[in-house]
Structures are given as C-alpha cells and as structure tokens.
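Enquirer: Below is a structure I'd like to ask you about.
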C-alpha cells in the first residue's frame, strides 16, 4: 500500500521545548484575550504544520497525532490530492451558493455518496456544513416523510451542540449545562454496552430498548430512531452483535426511519467504509461529516430516494452547504481512501493497537476494557479490582501523554475513556512510539 506523501514533515516525535513552548504560551495569552472562554482546548500548543501522523507546533515540536482533529483528518492533515484539489478550486471560484448557481462538485459528491453508502437502493443526498446540522436535517426529513414528531436516541449518545442535537445528546457537562430549554419530543432508550451489560447479548439488549420505546413513545408516534453504530463522545461503545440489525428490522416493521449517525465512524475509520457495513445494516438515512473532506467543513445526509425527496423544494439547504472547496476536498479524500487502500490500512492499525493495548490490559487491572474497530480504539480506565470508572486516572494519563508529545483524547459519559483516532496515513513506528509513551506514563501513575 502507498501511504500519503508526508515528506514535507519529518515523521518522528521530537520535543525541542517544554510543552507548551514560548510561542505557544504567547499565542495562548492572545487566545485568552480574544476568544470566548467557552471555547476550550485539549492541549495548550498551537499547530503550524501537519502531515501523516505528526503535528508540528509553532515552537517546532513534533507531536504524534492520535486524534486526527477528532476523526477529521482521516486521510492526513495535508493529503496531496486534497491539497491540489482545493488549490485548483480556489483558483476557479470559492463560492456561488449551490441554491443560486449550482456547480458540478456538489453533484459529484452526492453521486459518490449515493454509490458508497450502504444499500443498493435508489438514493439522494443533501450537503451541509457540520455533523450537527446534518443530524438536524435528517430529523427534519424523517418528520416530513412520516408525519410524526418523536425521535428516539440512546444512552451515552452524542449528536451535536445545536438546540435539537443537544436534546439528542446524553452528556450534560460540558454540552448541555445551562443551555436549555431543549427541543421537545426526544426520548432516550438504553444502549447495548457490552462491558457493563453483563451477559446481555445484542438481541436481548435490543428487546430491552424496544420494549421501552413501545411503552413510553409508541411506534405510531415515532418519526426516527437515531443511533451511532459505534458511539463517539459517549465512550467508543460498540453494541453487541445483533443489536443494530434488530433495531433496523423493528424500524422497517413499524415504518420508522432508521438513521445511522456515522459522523465519527464513517469513511474507513472503523476498517469498513462505514461502520454499518460490518453487520450488513442498511440505514434509511445515513449522516456523515468529519472524515468526509480531509479537514474542510462538509456534512451530508444520504438515504432512500422516497424519504429524501419528501421535503418541499427550498426546505433543505443553507448558504454554505456543499461549498465548492469542501466538495473538491471530499472528492479528493474519497479518491485517496479508495486508491491508497485506506480501509485495509485502518484494519492494520486496529490490529496493531488492540494487540498492544490488550497486552497492557493483561498487566494492569486499571485498564478495564479495550475495544474498538479499525482506527477507532479506546481503553476504559477503572479503579483496580472492579469496574468503577476512574476519570481522574484518564485525565492524568492524557496529560502525561501530552507532556511527552502524544496527542490523545478522553471521552465517555463518566470521563474515564481514552480514545485513539490516528490518521490512516500514520506509520506503524509512530503508533508504537505513541503507545510506548502511554504505557510508560500509565506505569508511573499511582
């Protein structure tokens, strides 16, 4: 396999200053004076360049990237095809608004998504800017199509920061606290969470959830059931086998729109082009964003033609939706995924990381669970001797890794999950280096 050209950035971890360095500290002072305090940062370092598995900060430190800008730079932060496609589009035009004078890039992205997403039925696509915006539009489309109002989501879910998607998101702090009241007619069902479900298999977990939906909502009132095939912010929770197919079958039986939120899982991230592919689940609507465009803001709703065509003309859209630069980037990112075999590369990354992390789990009882697929892997940290979540340990471990130049992220309802989302252009050597740092750091923590 040919990995993305990263020759313009040395692919090794290198610390030339303490972190943060003096230039980053100066920029942070400016940030604190100019940017709203509600906009936080994971690490107090400012990026200058990035490629492959490395982010270079303004002080010249080379950091191992195990976050991909939260699963966005899947093909790399400066993938050559993406860079060249955007350069060419900038020279042609930056914007006309597709709803005013359309352009072929939008149509080509829609055609690509119709081809690539699960199922061989006739499809339509609409383009937007962010994952939350796409989720909201999926709900709009489902409500118009069914003539119903209610939406069911799941424990630990994360769907965005807009008013409706905050209602759909489970975790209060920092996403919802103080921002209510939230949109009505959103109901929450229990998820399949194998690490904490005991012996409950996927079919039984689905029956538990659907029994609650029947009793508390009623299928006749339900427009859509929205679920992440593998949860993102909620803790990289992968439901037990059979859970998703059972939900999809129930939705078909009751004419409920089954919506897969693949904002974080899509575009080769999980070792399949889409996470739904692993069990052959075909959603009615699929929501994509993040890895779709190599770092440019773009999202989409793709689905069954008869559902997608339900809204009236003018009911879907937005000034920037399907911006021509983002469309050019998306086409180049899709080409990179297909040409460079990145679905296979994600599986290689997953095998390497799971082997290393499960070896660590066998030696350290604080690593309660290791889970994930492809380049979407997590460890759930607990108090030794049980399954009590240990958020303090997760925070300390992430901080220790950051100090050694490894970008890692935390997540989970309990704040005790360390998640790994490396770009698919990363080398095995960098993965091992980052995991070496993590293992050493964990061993040093009480």
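Enquirer: Here is a check on your reading of the model: is residue 39 at pLDDT below 95, out of contact with any helix residue (DSSP H, G or I) (no Cβ under 7 Å at 6 or more places or on another chain) and in a loop (DSSP other than H, G, I, E, B)? Give the derivation first.
Expert: Working: at pLDDT below 95: no; out of contact with any helix residue (DSSP H, G or I) (no Cβ under 7 Å at 6 or more places or on another chain): yes; in a loop (DSSP other than H, G, I, E, B): yes.
Taking the combined requirement at face value, the residue does not satisfy it.
Enquirer: A follow-up question, please. Looking at 52, 21, which one is under 21 Å from residue 67 (Cβ atoms), surrounded by 12 or more Cβ atoms within 10 Å (Cβ to Cβ) and in contact (Cβ under 8 Å) with a residue 60 or more places away in the chain? Don't jump to the end; show me each part of the working.
Expert: Values: 21 fails: in contact (Cβ under 8 Å) with a residue 60 or more places away in the chain.
That would be 52, the only listed residue that is under 21 Å from residue 67 (Cβ atoms), surrounded by 12 or more Cβ atoms within 10 Å (Cβ to Cβ) and in contact (Cβ under 8 Å) with a residue 60 or more places away in the chain.
Each row is one residue, and each column tells you yes or no for (1) out of contact with any strand residue (DSSP E or B) (no Cβ under 9 Å at 6 or more places or on another chain); (2) in a helix (DSSP H, G or I); (3) modelled with pLDDT under 95; (4) surrounded by 17 or more Cβ atoms within 10 Å (Cβ to Cβ).
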{"position": "73", "(1), (2), (3), (4)": "no, no, no, yes"}
{"position": "88", "(1), (2), (3), (4)": "yes, yes, no, no"}
{"position": "91", "(1), (2), (3), (4)": "yes, yes, no, no"}
{"position": "96", "(1), (2), (3), (4)": "yes, no, no, no"}
{"position": "99", "(1), (2), (3), (4)": "yes, no, no, no"}
{"position": "118", "(1), (2), (3), (4)": "no, no, no, yes"}
{"position": "135", "(1), (2), (3), (4)": "no, yes, no, yes"}
{"position": "182", "(1), (2), (3), (4)": "yes, no, no, no"}
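Enquirer: Sort through 287, 281 and tell me the only one that's over 10 Å from the mean Cα position of the chain (by Cα), in contact (Cβ under 8 Å) with a residue 40 or more places away in the chain and assigned to a strand (DSSP E or B). Spell out how you get there, then give the answer.
Expert: Numbers: 281 fails: assigned to a strand (DSSP E or B).
It is 287.
Enquirer: Among the numbered conditions (1) touching a helix residue (DSSP H, G or I) at 6+ places or on another chain (Cβ under 6 Å); (2) in a loop (DSSP other than H, G, I, E, B); (3) touching a residue at least 40 places away in the same chain (Cβ under 8 Å); (4) over 28 Å from residue 11 (Cα atoms), tell me where residue 413 comes up short.
Expert: The one condition residue 413 does not meet is (1).
Enquirer: OK, next. If I ask for residues that are out of contact with any helix residue (DSSP H, G or I) (no Cβ under 7 Å at 6 or more places or on another chain) and either crowded, with 17+ Cβ neighbours inside 10 Å or not assigned by TED's automatic domain parsing to the domain that holds residue 415 (or both), which ones from the stretch 373-388 would you list?
Expert: 376, 378, 382 - these are the residues of the stretch 373-388 that are out of contact with any helix residue (DSSP H, G or I) (no Cβ under 7 Å at 6 or more places or on another chain) and either crowded, with 17+ Cβ neighbours inside 10 Å or not assigned by TED's automatic domain parsing to the domain that holds residue 415 (or both).
The rows are residues; the columns are (1) buried (at least 21 other Cβ atoms within 10 Å of the Cβ); (2) in contact (Cβ under 8 Å) with a residue 12 or more places away in the chain; (3) not in a strand (DSSP E or B).
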{"site": "301", "(1), (2), (3)": "yes, yes, no"}
{"site": "317", "(1), (2), (3)": "no, yes, yes"}
{"site": "333", "(1), (2), (3)": "yes, yes, yes"}
{"site": "357", "(1), (2), (3)": "yes, yes, yes"}
{"site": "365", "(1), (2), (3)": "no, yes, yes"}
{"site": "370", "(1), (2), (3)": "no, yes, no"}
{"site": "395", "(1), (2), (3)": "no, yes, yes"}
{"site": "399", "(1), (2), (3)": "no, no, yes"}
{"site": "402", "(1), (2), (3)": "no, yes, yes"}
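Enquirer: Looking at 142, 132, 126, 71, can you tell me which residue is closer than 30 Å to residue 183 by Cα and not assigned by TED's automatic domain parsing to the domain that holds residue 272?
Expert: 71
Enquirer: Which one of these is touching a strand residue (DSSP E or B) at 6+ places or on another chain (Cβ under 6 Å) and outside the structural domain of residue 415 (by TED's automatic domain parsing): 235, 218, 202? It would help to see each step written out before you state the result.
Expert: Working: 218 fails: touching a strand residue (DSSP E or B) at 6+ places or on another chain (Cβ under 6 Å); 202 fails: touching a strand residue (DSSP E or B) at 6+ places or on another chain (Cβ under 6 Å).
Of the residues listed, the single one that is touching a strand residue (DSSP E or B) at 6+ places or on another chain (Cβ under 6 Å) and outside the structural domain of residue 415 (by TED's automatic domain parsing) is 235.
Enquirer: Now for a separate question. Of all the residues that make up the stretch 372-393, how many are under 23 Å from the mean Cα position of the chain (by Cα) and part of a loop (DSSP other than H, G, I, E, B)? Working first, answer last.
Expert: Step one: list which residues in the stretch 372-393 are under 23 Å from the mean Cα position of the chain (by Cα), which gives 372-381, 389, 391.
Still in the running and part of a loop (DSSP other than H, G, I, E, B): 374-375.
So the answer is 2.
Enquirer: Any idea which residue in the stretch 55-71 is surrounded by the fewest Cβ atoms within 10 Å (Cβ to Cβ), counting only those that are closer than 19 Å to residue 424 by Cβ and out of contact with any strand residue (DSSP E or B) (no Cβ under 6 Å at 6 or more places or on another chain)?
Expert: Filtering first and then ranking leaves 70.
Enquirer: Related question: Quick one: would you say residue 268 is out of contact with any strand residue (DSSP E or B) (no Cβ under 6 Å at 6 or more places or on another chain), surrounded by fewer than 24 Cβ atoms within 10 Å (Cβ to Cβ) and either assigned to a loop (DSSP other than H, G, I, E, B) or free of Cβ contacts under 8 Å to residues at least 60 places away in the same chain (or both)? It would help to see each step written out before you state the result.
Expert: Working: out of contact with any strand residue (DSSP E or B) (no Cβ under 6 Å at 6 or more places or on another chain): yes; surrounded by fewer than 24 Cβ atoms within 10 Å (Cβ to Cβ): no; either assigned to a loop (DSSP other than H, G, I, E, B) or free of Cβ contacts under 8 Å to residues at least 60 places away in the same chain (or both): yes.
Considered against the rule, which asks whether it is out of contact with any strand residue (DSSP E or B) (no Cβ under 6 Å at 6 or more places or on another chain), surrounded by fewer than 24 Cβ atoms within 10 Å (Cβ to Cβ) and either assigned to a loop (DSSP other than H, G, I, E, B) or free of Cβ contacts under 8 Å to residues at least 60 places away in the same chain (or both), residue 268 comes out as no.
Enquirer: If you check 224, 157, 240, 170, which single one turns out to be within 26 Å of residue 315 (Cβ to Cβ) and either in the same structural domain as residue 67 (by TED's automatic domain parsing) or in a loop (DSSP other than H, G, I, E, B) (or both)? Let's see the steps before the verdict.
Expert: Details: 224 fails: either in the same structural domain as residue 67 (by TED's automatic domain parsing) or in a loop (DSSP other than H, G, I, E, B) (or both); 240 fails: within 26 Å of residue 315 (Cβ to Cβ); 170 fails: within 26 Å of residue 315 (Cβ to Cβ).
Among 224, 157, 240, 170, only 157 is within 26 Å of residue 315 (Cβ to Cβ) and either in the same structural domain as residue 67 (by TED's automatic domain parsing) or in a loop (DSSP other than H, G, I, E, B) (or both).
The values are calculated or read from the model by the stated rules, or taken from the named source; none is laboratory data. Worth saying up front: this structure is predicted, and the values here are computed from it rather than measured. All Cβ positions, glycine included, derive from the backbone under ideal geometry; neighbour counts span all protein chains shown.
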